[in-house]
Amino acid sequence: MSGSFEEALDAVRDVEGWLTDAQARRLWESAGALPARGRIVEIGSFHGRSTIVLARAAPEGIDVVAIDPHAGTDRGPREWVMSSELGERDRRRFEANLERAGVAGRVRQVRLRSQDALGEVAGDVDLLFVDGAHRYRPVCDDLLRWGGRVRPGGTLLVHDAFSSVGVTLALLRLMVFGRNWSWRGRTGSLAEYRREPARGAARLGGALRQLAQLPWFARNLLVKVALALRLRPVARALGHRSGAWPY
């Protein structure tokens, strides 16, 4: 889709979600670099903030698939109780936001849990963005099963990396010392990996660079504890200037 990154930011300015402008740029650049007839799969769409950025950045002919059950649970920080009413409201807002941003016709919505949606997407994935349920087991399942669908040379982006406990534990188990992924860095909590063999010194170097993120992870946990206990001065002392959960 034609247009600039700044126009994409304007399109999502009022869309609720947990994606910073800098993280949106990383999504934009990753999607914009895809080959013709490639495929983007997003796990976890909420109201469409990241979906819109990906769809506006993707070249013509790219298949953009947004997977989210909109079940009214796992919607955001400290939200675990299922509410079908909330889920239906989220779906309506998601669809309205995509329509308003001019990308509704570019996105295929799959309203299923990620592991139930594996059969809805045929073939390899060029860009996988994982931002679904943040509990340890669902994240492991997404990294293993959907990550296994990413083609060699493809890109994996994981949100809330080294910020959420469940996401971080899954990364430590499956990615830090993995043989099939190379670490490409992070923007805030948005981590990037490339599907390529990692061996020898390159594998060790990538593992050490990921382990070096653990102090930042510990800081984020302390910020969350401070916010949960309403200790805003403590959060500010840790460098957190807003009342929002760090992401």
Subset tally (residues that are assigned to a helix (DSSP H, G or I) and either out of contact with any helix residue (DSSP H, G or I) (no Cβ under 9 Å at 6 or more places or on another chain) or without any contact (Cβ under 8 Å) to a residue 60 or more places away in the chain (or both)) for the stretch 139-157: 8
Extreme residue, surrounded by the most Cβ atoms within 10 Å (Cβ to Cβ), among residues of the stretch 43-53 that are in a helix (DSSP H, G or I) and of a type outside the set (Val, Ile, Thr): 50
Tally, over the stretch 34-51, of residues that are among the charged types (D, E, K, R), under 16 Å from the mean Cα position of the chain (by Cα) and on the phi > 0 side of the Ramachandran plot: 0
Residues that are more than 22 Å from residue 161 (Cβ to Cβ) and either in contact with a Cys (Cβ under 8 Å, 6 or more places away or on another chain) or touching a residue at least 40 places away in the same chain (Cβ under 8 Å) (or both), drawn from the stretch 16-38: 35, 38
Candidate set from the stretch 121-138 (those that are farther than 19 Å from residue 210 by Cβ and in a loop (DSSP other than H, G, I, E, B)); member that is nearest to the chain's Cα centre (by Cα): 132
From 191, 170, 201, 161, residue being surrounded by fewer than 20 Cβ atoms within 10 Å (Cβ to Cβ) and among the small types (Gly, Ala, Ser): 201
Residue 196 in contact with a Lys or Arg (Cβ under 6 Å, 6 or more places away or on another chain) and either of a type in the set (Asp, Glu) or touching a residue at least 24 places away in the same chain (Cβ under 8 Å) (or both): no
From the options 171, 156, 143, residue that is under 14 Å from the mean Cα position of the chain (by Cα) and either assigned by TED's automatic domain parsing to the domain that holds residue 217 or within 14 Å of residue 126 (Cα to Cα) (or both): 156
Qualifying position, being in a helix (DSSP H, G or I) and free of Cβ contacts under 8 Å to residues at least 60 places away in the same chain, among 184, 236, 179: 236
Count of the stretch 130-146 residues which are under 14 Å from residue 117 (Cβ atoms) and in contact with a Leu (Cβ under 8 Å, 6 or more places away or on another chain): 3
Any hit, the stretch 54-72, residues being out of contact with any strand residue (DSSP E or B) (no Cβ under 8 Å at 6 or more places or on another chain), modelled with pLDDT of 95 or more, crowded, with 20+ Cβ neighbours inside 10 Å and in a helix (DSSP H, G or I): yes
Residue within the stretch 158-169 that is touching a strand residue (DSSP E or B) at 6+ places or on another chain (Cβ under 8 Å), within 25 Å of residue 245 (Cβ to Cβ) and in a helix (DSSP H, G or I) present: yes
Selection count, the stretch 81-120, where residues are assigned to a helix (DSSP H, G or I) and either hydrophobic (A, V, I, L, M, F, W, C) or loosely packed, with under 14 Cβ neighbours inside 10 Å (or both): 16
Matching residues, the stretch 177-187, being crowded, with 20+ Cβ neighbours inside 10 Å and within 15 Å of the chain's Cα centre (by Cα): 186
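The values are calculated or read from the model by the stated rules, or taken from the named source; none is laboratory data. All values reported here derive from a predicted model rather than from experimental measurement. When we count neighbours, we look across all protein chains shown, and the Cβ atoms used for this are built from the backbone with ideal geometry, even at glycine.
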